[in-house]
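Asks: Below is the structure I would like to discuss, written out as structure tokens.
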Amino acid sequence: MIASSPTAGLPAALAARLTEETLTTLAEAPREQRQPLLAAALQLADDTVCLALAEATGLPAELNPAADLDSLRLLPPRLASDFQTIPLARAKPEPVNTDDNDDAPATETGPLHLATSWPPTPEMADWIATFTPRPLVWHLAPAERVQQLIVENYGVGSGSLDDSDDDFLPAASAADANLDADQDAAVVRFVTDVIAQAVTDAATDIHFEPQEGQLRIRYRVDGLLVPVPVPDNLLRFQDAIISRLKIMARLNISEKRLPQDGRINFRAGSTNLDIRVSTIPTIYAESVSLRLLNQRKEAYTMEKLGMSADEQAQINHVLDFPHGIILVTGPTGSGKSTSLNAFLRKINSPDLRIITIEDPIEYEVPGANQVQTRAEIGLTFASALRHTLRQDPDVIMVGEIRDLETAEIAIRASLTGHLVFSTLHTNDAPGAITRLIDMGVEPFLVASAVELVIAQRLVRRLCPDCAAPKPVDSTELRATLAALGLPTTDAIGIDHLKHPVGCRKCRGTGYRGRIGIFEILRPKPLHDLIVARESNRALTDRARADGMRTLVQSGWEKVRAGHTTLDELLRAISTTD
């Protein structure tokens, strides 16, 4: 729709410091990417390069702009998105009362302040003048903040679905346009924008949920569902969006009565995504869920997972064993696969043959042989594990122990000289022992084979840029600790704890990223209790007496260290009497 000179407005003082290759890259990049690219080229922070641009162009800088809600209607979403500009909130003068014209409608005749991520061009001013006669005052703002304001106020992908400025297209283009083709192209761009924004927000899932009178879109970010701002006219494109997702996943678009599963290979810049797609019919239309798996996701180390030095020492001791089972337990989304990947990378070496059996494969492990299960053709965890034992492995990772057959084969593998990693869905570490016995595994085999059980949860990490100490009410703190099952004496000497504030980098939530809390159990000292089929409570009490630190204790340490909050700990931990 809009064409402009990509490097127009770049001050000569800054252009002189760039190579021809960098200038070409800037010329080809969208406006929202030019500031970060320039910052990287000049080895400056984003805010610093914004100030440098402002100084070189003579334009005022706004490092933390806010949108002028009253002026948003002046710019069509498509225009704001393409030019990366948005009306800027400024202090308004007090209205003047005129006795002879009290009933006259108020009109905005003053200048229109606009925040933009890149120096404006005359073409931008001409286009905006098409929609408002107000004089324009330009301000430079960080590209990330401008894009965030556009998404918050116009909706994700609003520029793709907006047709409010179609009348202003050249006559020849309008005459040749095919309306159906235009709508299809708009929906393709919109779906791409939604997925790209999810990558930017570090979302793990996207949910398209048809509701009465609206198509709701939500991201799961740091374990919590976050509503996504959407364009006002989104409902009009609901069927086309759902069909587009099904086409991308190679599903049957005519089948709307039955659930379907598929996958999408999606590329956003340098990011490659393996997206698992699931559809299910609902009362209004099909609900579509996308699970985003980054094929080049940065691998985690045990330090980055949030493990303390003592926890790492306990785990590293067992990782050196030549055989045995190491189990990681917790609910869905608690980071079990991430932990197993960190363990595999810790022991990975050219003299070990590592085979993993996963569904899905979330991380690539260099040098490992990774197998994707396919239940529809009979390649289940159990069958894959049985065949893996014929492949001369040293280390085997089974994505999940779901049934007795898988559990028995895994235990047999560990007893015949293999180191086996796997996961279970239990609330705590001792619960993994009782779960295996409940499946039908003989207690003496469990006691002999399992070397380590790690229960874990993920809690949101306080944003390091805005978290601030806050005075603590000692009475309330003692009551919270008691509710968590911790001794109230832990409150002694604590008068401040960090709490979330909210800033631009954490998008106002006060949290950024997640950190793990861990409960580590060595079953060997519990051998007699396990063989005697003692209850989960008996195993827990004995393990705590032997020094096992519980999930709550691990979480409380993270709270005291300023990594997270008590509210997060309460949300992540379900306590029982």
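Asks: Evaluate the Kirkwood expression for the hydrodynamic radius of the stretch 491-541, namely the inverse of the mean inverse distance over all pairs of different C-alpha atoms, and round to one decimal in Å.
Replies: After inverting the pairwise mean of 1/r, the radius is 15.5 Å.
Asks: Can you compute the FRET efficiency between residue 527 and residue 258 using 1/(1 + (r/R0)^6), with r the Cβ-Cβ distance and R0 = 41 Å? Round to the nearest 0.05.
Replies: 0.25
Asks: Please report the carbon-and-sulfur percent of the accessible area for the stretch 19-83; probe 1.4 Å, protein heavy atoms only, DNA, RNA and ligands left out.
Replies: 50
Asks: With all protein chains present and a 1.4 Å probe, how do 289, 554, 535 order by accessible area, largest first?
Replies: The most accessible residue leads, giving 535, 289, 554.
Asks: What does the highest-first list of 13-26, 149-162 look like by mean Cβ count within 10 Å?
Replies: Top of the packing list down: 149-162, 13-26.
Asks: Toward the positive end of the charge dipole of the stretch 478-549, about the Cα centre and with charges on Cβ (Lys, Arg +1; Asp, Glu -1), which of 531, 511, 496 goes farthest?
Replies: Result: 511, furthest along the dipole toward the positive end.
Asks: Considering only DSSP beta bridges where both residues belong to the stretch 271-372, give the percentage that are antiparallel (nearest 5).
Replies: 70
Asks: Report, for the chain, the % of DSSP beta bridges that are antiparallel, rounded to 5.
Replies: Given both bridge residues lie in the chain, the antiparallel proportion sits at roughly 65 percent.
Asks: On to the next question. Compute, for the stretch 468-530, the length of the dipole vector about the Cα centre, with Cβ point charges of +1 (Lys, Arg) and -1 (Asp, Glu) only. Units Debye, rounded to 20.
Replies: The dipole magnitude comes to about 620 debye.
Asks: Report the local net charge at residue 382: Lys and Arg +1, Asp and Glu -1, summed over other residues whose C-beta lies under 10 Å from its C-beta.
Replies: After counting each charged neighbour, the total is -1.
Asks: Sticking with this one: Spit out the partnerless Cys residues in the chain, using Cβ distances under 4.7 Å as the pairing rule.
Replies: Isolated Cys, the chain: 50.
Asks: Further question on the same structure: Using R₀ = 22 Å, calculate the FRET efficiency as 1/(1 + (r/R₀)^6) where r is the Cβ-Cβ separation of residue 250 and residue 372; round to 0.05.
Replies: Working from the Cβ atoms, E equals 0.85.
Asks: Provide Rg and Dmax in Å for the stretch 322-406, with only Cα atoms included in the calculation.
Replies: 12.5, 34
Asks: So, one more: Order 466, 503 by their accessible area, 1.4 angstrom probe, all chains in place, largest first.
Replies: Listed by decreasing accessible area, they come as 503, 466.
Asks: Quick query: amide H of residue 328 versus all other amide H atoms, modeled in the peptide plane; which residues come in under 5 Å with a sequence gap of 5 or more or a different chain?
Replies: Amide H neighbours of residue 328: 422, 423, 424, 454.
Asks: By the scheme Lys and Arg +1, Asp and Glu -1, what is the net charge of all other residues having a beta-carbon under 11 Å from that of residue 496?
Replies: Value of the local net charge: +2.
Asks: Sticking with this one: With the full set of protein chains in place, find how many percent of the accessible area of the stretch 268-382 is carbon and sulfur; take the probe as 1.4 Å.
Replies: Of the solvent-accessible surface of the stretch 268-382, carbon and sulfur hold 51 percent.
Asks: Sticking with this one: Just check the stretch 185-228 against the gyration tensor rule for me: Cα atoms, a ≥ b ≥ c as the square roots of the eigenvalues, rounded for a/c under 1.5, and otherwise prolate or oblate depending on whether a/b exceeds b/c.
Replies: Cα axes put the stretch 185-228 in the oblate bin.
Asks: Separate question: Spin-label point model (7 Å from Cα, Cβ direction): what's the residue 389 to residue 321 distance in nm?
Replies: It is 1.8 nm.
Asks: Full-extension gain between residue 73 and residue 301, please, as 0.36 nm times their residue separation minus the C-alpha to C-alpha distance.
Replies: Taking 0.36 nm per residue and subtracting the Cα distance, the gain is 77.3 nm.
Asks: Shape call for the stretch 359-474 from the C-alpha gyration tensor, a ≥ b ≥ c root eigenvalues: rounded (a/c under 1.5), prolate (a/b greater than b/c) or oblate?
Replies: Verdict is prolate for the stretch 359-474.
Asks: Provide the solvent-accessible area of residue 425, counting protein heavy atoms only and rolling a 1.4 Å probe, rounded to the nearest 10 Å².
Replies: Accessible area of residue 425: about 70 Å².
Asks: Please go through the residue pairs 336/558; 346/524; 346/558; 246/336 and name each one whose alpha carbons sit more than 27 Å apart in this structure.
Replies: In this structure, 246/336 exceed 27 Å between Cα atoms.
Asks: Sort 222-231, 48-57 for me by packing, meaning the mean count of neighbouring Cβ atoms within 10 Å per residue, highest on top.
Replies: Result, highest mean first: 48-57, 222-231.
Asks: Add -39500 (n - 2.57) for each DSSP H run of 4 or more in the chain, then divide by its residues: what number comes out at 222 nm, to the nearest 500 deg cm²/dmol?
Replies: Computed mean residue ellipticity for the chain: -10500 deg cm²/dmol.
Asks: Here is a follow-up. Give the accessible surface of the stretch 412-467 per residue, rounded to a whole number of Å², with probe radius 1.4 Å and ligands, DNA and RNA excluded.
Replies: Ligands and nucleic acids excluded, the result is 31 Å² per residue.
Asks: Between rounded, prolate and oblate, where does the stretch 446-499 land on the alpha carbon gyration tensor, with a ≥ b ≥ c its root eigenvalues, rounded for a/c under 1.5, else prolate if a/b exceeds b/c?
Replies: oblate
Asks: Using the heavy atoms of the protein chains and a 1.4 angstrom probe, tell me the accessible area per residue for the stretch 256-370 in square angstrom.
Replies: In whole numbers, the stretch 256-370 has 49 Å² accessible per residue.
Asks: Can you check what the net charge comes to around residue 415, using other residues whose Cβ is under 14 Å from the Cβ of residue 415 (Lys, Arg +1; Asp, Glu -1)?
Replies: -2
Asks: Using θ = phi - 60° and the Karplus relation 6.51 cos²θ - 1.76 cosθ + 1.60, list the HN-Hα couplings for the stretch 362-368 in order, rounded to whole Hz, with x at every Gly or Pro.
Replies: So the Karplus estimates, Gly and Pro as x, are 8, 10, 8, 10, x, x, 8 Hz.
Asks: Along each of its three principal axes, how wide is the spread of alpha-carbon positions in the stretch 516-577, in whole angstrom units, largest first?
Replies: Result for the stretch 516-577: principal-axis Cα extents of 41, 20, 16 Å.
Asks: Moving on to the next point. Given 0.36 nm per residue, what is the gain on full extension from residue 212 to residue 483 after removing their alpha carbon distance, in nm?
Replies: Gain on stretching residue 212 to residue 483: 93.5 nm.
Asks: A follow-up question, please. So, by mean Cβ neighbours within 10 angstrom, what's the order for 200-206, 31-37 with the highest one leading?
Replies: Per-residue mean Cβ counts within 10 Å order the peptides as 31-37, 200-206.
Asks: Within the chain, which whole H helices from DSSP have a Cα span along their axis of at least 27 Å and a mean Kyte-Doolittle hydropathy of 0.5 or more, if any?
Replies: 179-200
Asks: Past the 43 angstrom mark, what percentage of all C-alpha to C-alpha distances in the chain do you count?
Replies: Distances greater than 43 Å cover 35 percent of the Cα pairs.
Asks: Enumerate the amide H contacts of residue 268 below 5 Å, restricted to partners 5 or more residues apart or on another chain; note that Pro and chain-start residues carry no placed amide H.
Replies: Residues meeting the criterion, in which the H sits 1.01 Å from N, are 273.
Asks: Measure off 7 Å from each Cα along the Cα-to-Cβ vector at residue 183 and residue 268, then give the distance between these two points in nanometres to one decimal.
Replies: 2.7
Asks: Moving to a separate point now. Separation between the residue 20 and residue 476 pseudo-spin-labels, each 7 Å from Cα along Cα→Cβ, expressed in nm?
Replies: In this crude spin-label approximation the distance works out to 6.5 nm.
The values are calculated or read from the model by the stated rules, or taken from the named source; none is laboratory data. Since this is a predicted model, take the numbers as computed values, not measurements. As a convention, Cβ positions derive from the backbone with ideal geometry for all residues, glycine included, and neighbour counts pool all protein chains shown. Surface accessibility is based on the protein's heavy atoms, side chains included, excluding ligands, DNA and RNA. Shrake-Rupley method; radii C 1.70, N 1.55, O 1.52, S 1.80 Å.
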